[in-house]
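We did not get these values from a lab; they are worked out from the coordinates using the rules stated. Computed from a prediction, not measured in an experiment: that's the story for all the values here. As a convention, Cβ positions derive from the backbone with ideal geometry for all residues, glycine included, and neighbour counts pool all protein chains shown.
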Amino acid sequence: MSEAQEPGYHDTKTAYLRRLRLIEGQVRGLQRMVEEDTYCIDVLTQVAATTRALQSVATELVNDHVHHCVHHAAASGDPEELTAKIDEVMVAIKRLLK
């Protein structure tokens, strides 16, 4: 990303921060559950919910990156910049799927 270009999530930054704070609260809740010896399956259920919440944030970030950063690269007319952005997206998707 160039210095002058804002990240794709810039316009929804507040919403992302709110969602991440909620996820942070879920993780703290998981810690409490373990401290209080909560039944394993109940803890696992909450781990799955927290994982899904993080995956949802990641999916939205990929969407924002494609619609903002990749779109910007395509509009620039620079095929090398576009290829680099597409490669970034693919690396990020592969990382998320592991």
> With each run of n ≥ 4 DSSP H residues scored as -39500 (n - 2.57), what mean residue ellipticity at 222 nm is computed for the chain after dividing by its residue count and rounding to the nearest 500 deg cm²/dmol?
Replying inline: -25500 deg cm²/dmol
> Which semi-axes, in whole Å and largest first, does the equivalent ellipsoid of the chain have when worked out from the alpha carbon gyration tensor as the square roots of 5 times its eigenvalues?
Replying inline: 36, 15, 8
>> Quick check on the exposure proxy: order Lys98, Lys85 from fewest to most C-beta atoms within 10 angstrom.
In response: Lys98, Lys85
> Using the Karplus equation 6.51 cos²θ - 1.76 cosθ + 1.60 (θ = phi - 60°), what ³J(HN,Hα) coupling, rounded to whole Hz, does each residue of the stretch 83-98 give in order, writing x for Gly and Pro?
Replying inline: 4, 4, 5, 5, 4, 4, 4, 5, 4, 5, 5, 4, 5, 5, 7, 6
> For the stretch 24-65, what does the equivalent ellipsoid look like in terms of its semi-axes, each the square root of 5 times an eigenvalue of the Cα gyration tensor, given largest first in whole Å?
Replying inline: 26, 10, 4
>> Using the Cα centre of the chain as the reference point, and only Cβ charges (+1 on K/R, -1 on D/E), how large is the resulting charge dipole? Debye, rounded to the nearest 20.
In response: 360
> What residue among Leu96, Val43, Ala53 has its Cα farthest toward the positive end of the dipole of the chain, where the charges are +1 on Lys, Arg and -1 on Asp, Glu, each on the Cβ?
Replying inline: Val43
